[in-house]
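Below is one structure, written out as structure tokens, with a few remarks after it.
The values are calculated or read from the model by the stated rules, or taken from the named source; none is laboratory data. No experiment lies behind these values; they were computed from the predicted model shown. Glycine also receives a Cβ, built like all others from the backbone with ideal geometry; neighbour counts cover every protein chain displayed. Heavy atoms of the whole protein, side chains included, go into the accessibility calculation; ligands, DNA and RNA do not. Shrake-Rupley method; radii C 1.70, N 1.55, O 1.52, S 1.80 Å.
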Amino acid sequence: MAEGQVGKICFSRIFEDEDLAVAIERRVKEWDIKAGVLFLIGTLKNVVLGYYREGVYDHIRLDFPLEIASCIGNVAVDEKGEVVIHAHLVVSNEKAECFGGHLLEGSQVGATAELIVIEGEGVSLQRSFDEKTKLKLLKLS
Amino acid sequence: MAEGQVGKICFSRIFEDEDLAVAIERRVKEWDIKAGVLFLIGTLKNVVLGYYREGVYDHIRLDFPLEIASCIGNVAVDEKGEVVIHAHLVVSNEKAECFGGHLLEGSQVGATAELIVIEGEGVSLQRSFDEKTKLKLLKLS
Amino acid sequence: MAEGQVGKICFSRIFEDEDLAVAIERRVKEWDIKAGVLFLIGTLKNVVLGYYREGVYDHIRLDFPLEIASCIGNVAVDEKGEVVIHAHLVVSNEKAECFGGHLLEGSQVGATAELIVIEGEGVSLQRSFDEKTKLKLLKLS
């Protein structure tokens with residue numbers, strides 16, 4: 001377990017045709033945030049969702065316009081101090097049917113997406129590669 | 001991009017038969033919050049979900065009791081300084097099947113809904129009408 | 001309605017085979033948090049979702065591996081001052097299909113789950129049993 005104080009709260013718009021995962025990471029780096037929690041709503045032109053299965057993510061690609069009904073995630077750093085975004089999302093189609101999973105690159109923003117990040121200050125959130133799961137897991141109890 | 005400090009954190013219960021969208025906006029105004037992030041869980045008697053399609057929201061109305069599995073959103077102001085709530089939700093039926101989209105008026109609260117808003121202080125979050133998308137978009141990079 | 005200041009922000013990893021509901025409650029108690037908001041993403045080996053129906057939760061049990069696409073909730077206390085966690089979640093299967101509802105005990109964590117709690121300070125969030133709904137409702141307007 002780790003605890004800190006809440007630092008800044010940051011807001012950004014992500015624009016049409018940006019790659020959602022890349023855009024989130026870029027903004028978090030610009031804000032120089034190393035630990036925190038993120039929230040996002042908006043729309044997508046398509047999505048690539050990950051489903052974790054024994055050391056690897058299945059890629060599920062949906063090629064139609066979607067609402068981002070929910071996107072929550074966290075900000076940490078890897079062993080080299082590089083920012084790692086871990087976010088999951090729920091998207092919905094024109095019938096309001098939902099699809100969910102791990103946010104992967106290749107998901108293209110529609111009209112807009114609105115990102116909010118709340119920073120954790122005075123806390124070190126580090127990920128390191130875990131041989132068993134093949135994931136970069138948080139070094140926390 | 002815009003950044004500020006975290007202000008107050010506010011909690012409210014929303015009651016049976018209140019209109020969810022109206023109730024959220026009313027409470028945010030009473031708290032005098034002009035920028036922030038919101039979270040809500042609870043139940044609904046019915047829901048009206050929006051799906052954005054080229055300048056207009058399709059309305060998807062579901063007339064049965066639902067869990068609000070997730071509701072996240074943000075608080076900003078329009079050109080006149082009036083509060084604008086932008087929230088998306090995921091609801092689920094008795095089989096746990098999910099439906100998602102943009103929160104529209106006409107969604108009636110069931111037994112209860114629990115709202116939490118975290119304020120962003122020292123930050124101006126303004127929306128202005130965009131001719132291309134017909135949406136009030138955040139004036140942010 | 002109730003408002004306070006934001007206190008600490010806490011992070012924890014929940015491990016394989018832990019009961020998700022039990023694990024969240026245990027960590028919140030260790031942090032000595034009595035009011036707040038929580039967020040979690042991760043994976044599950046199975047889930048037990050609640051669907052509220054006139055005073056009782058239907059239990060919907062899904063016995064296959066799932067992504068936790070979203071989990072949001074709040075922290076309050078009951079009449080005796082004991083911590084009560086109220087959380088809802090959206091989970092997704094290998095086809096990215098979503099299932100949602102109220103988090104119940106019996107949901108076993110998969111590879112990992114990542115919990116973040118933001119504390120509300122200077123605010124009393126109390127639940128009390130309501131005869132009509134049979135729920136412990138927040139004593140708030």
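The figures follow:
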{"read-out": "Length released on extending from residue A:46 to residue A:108, taking residue separation times 0.36 nm less the Cα-Cα span", "value": "21.7 nm"}
{"read-out": "Heavy-atom surface of the range A:47-134, accessible at 1.4 Å and reported per residue (Å²)", "value": "38"}
{"read-out": "Extension gain, residue B:29 back to residue B:95 (0.36 nm per residue minus Cα-Cα distance, nm)", "value": "20.2 nm"}
{"read-out": "Gyration tensor (alpha-carbon) shape descriptor, the protein assembly as shown, a/c threshold 1.5", "value": "rounded"}
{"read-out": "Computed helical MRE - 222 nm, chain A, DSSP H runs ≥ 4 contributing -39500 (n - 2.57), nearest 500", "value": "-2500 deg cm²/dmol"}
{"read-out": "Amide H contacts under 5 Å for residue C:97, placed H, 5+ residues apart", "value": "A:100"}
{"read-out": "Sulfur and carbon atoms: percent of accessible area, the protein assembly as shown [1.4 Å]", "value": "47"}
{"read-out": "7 Å along Cα→Cβ, label-point gaps from residue A:131 to other copies, nm, shortest first", "value": "6.3, 6.3"}
{"read-out": "Shortest-first nm distances, residue B:56 label point to equivalent points in other copies (7 Å, Cα→Cβ)", "value": "4.6, 4.6"}
{"read-out": "Hull shadow area, averaged, the range C:36-75 [alpha-carbon convex hull, nm²]", "value": "3.4"}
{"read-out": "Estimated buried accessible area (total), pair B and A, 1.4 Å, Å² to nearest 100", "value": "3000"}
{"read-out": "Expected-Rg normalisation [2.2 N^0.38 Å, Cα atoms] applied to the range A:13-65", "value": "1.34"}
{"read-out": "When each of A:34/B:8; A:45/A:134; A:95/A:136; C:29/C:136; A:139/B:8; A:45/A:80 is checked by Cα-Cα distance, pairs over 25 Å", "value": "A:45/A:134; A:95/A:136; A:139/B:8; A:45/A:80"}
{"read-out": "Nearest-10 value in Å² for the accessible area of residue A:94, using the 1.4 Å probe", "value": "90"}
{"read-out": "Whole-number D in µm² s⁻¹ for the range C:49-136, Kirkwood Cα-pair radius fed into Stokes-Einstein, 10 °C, 1.306 mPa s", "value": "107"}
{"read-out": "Test item: Cα-centred dipole of the range A:22-69, Lys/Arg +1 and Asp/Glu -1 on Cβ, debye", "value": "120"}
{"read-out": "Separation between Cα centres of the range B:1-24 and the range B:93-118, rounded to whole Å", "value": "14"}
